[in-house]
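S.K.: Dropping a structure here in structure tokens format, bear with me for questions.
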Amino acid sequence: MSYYCKYCGVSRPSVSVLTSSSCHRHPDGANKGKHTLYEGSTKSRYTCRHCGTDRPSITVLTSSSCHRHPNGANKGKHEPAV
């Protein structure tokens, strides 16, 4: 089983391994926070919780800016809905 980061989509074999390393897409800035567990199920498409954009993986979804992000248009990345 794999566990995924909700900010960048990286997968690791356990929650402890995932949350022990820095995330390059963390909302506080690159490597200013740890990976955070995505708590949803594995899907064929992932949808942004803010705007509804969908992509085939968390990695692809979170790689671009969200025009409806709570911090303002394009001031944050897409975030997968659970």
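The values are calculated or read from the model by the stated rules, or taken from the named source; none is laboratory data. If you're wondering where the values come from, they're calculated on a predicted model, not measured in any experiment. Methodologically, a virtual Cβ is constructed for each residue, glycine included, from the backbone with ideal geometry; neighbour enumeration extends over all protein chains shown. These area figures cover heavy atoms from the full protein model, side chains too; ligands, DNA and RNA do not enter into them. Shrake-Rupley method; radii C 1.70, N 1.55, O 1.52, S 1.80 Å.
S.K.: Considering each residue of segment 42-52, count those that are in a loop (DSSP other than H, G, I, E, B), at pLDDT 95 or above and open to solvent by 30 Å² or more (accessible area, probe 1.4 Å), and give that number.
M.R.: Matching residues across segment 42-52 total 5.
S.K.: Within the set of pairs 6+ apart or on separate chains, which have a first residue in segment 54-74 that is among the aliphatic types (A, V, I, L, M) and open to solvent by less than 60 Å² (accessible area, probe 1.4 Å), a second that is modelled with pLDDT of 95 or more and in a strand (DSSP E or B), and C-beta atoms under 7 Å apart?
M.R.: From segment 54-74, the pairs are ILE58/TYR4; ILE58/TYR46; ILE58/PRO80; LEU61/TYR46; LEU61/CYS48; LEU61/ARG55; LEU61/PRO80.
S.K.: OK, next. For the subset of segment 37-68 comprising residues that are in contact with an Asp or Glu (Cβ under 8 Å, 6 or more places away or on another chain) and of a type outside the set (Val, Ile, Thr), which member is farthest from TYR7 (Cα to Cα)?
M.R.: ARG45
S.K.: Within segment 2-13, does at least one residue satisfy the condition of being in contact with a strand residue (DSSP E or B) (Cβ under 9 Å, 6 or more places away or on another chain), at pLDDT below 95 and either part of a loop (DSSP other than H, G, I, E, B) or of a type outside the set (S, T, N, Q) (or both)?
M.R.: Yes, some residue in segment 2-13 is in contact with a strand residue (DSSP E or B) (Cβ under 9 Å, 6 or more places away or on another chain), at pLDDT below 95 and either part of a loop (DSSP other than H, G, I, E, B) or of a type outside the set (S, T, N, Q) (or both).
S.K.: I'd like the full set of residues that are under 17 Å from CYS66 (Cα atoms) and surrounded by fewer than 11 Cβ atoms within 10 Å (Cβ to Cβ), limited to segment 1-29.
M.R.: Residues satisfying the conditions are ASP28, GLY29.
S.K.: Looking at (1) open to solvent by 60 Å² or more (accessible area, probe 1.4 Å); (2) touching a helix residue (DSSP H, G or I) at 6+ places or on another chain (Cβ under 6 Å); (3) not hydroxyl-bearing (Ser, Thr, Tyr), which is the only condition HIS35 fails?
M.R.: (1)
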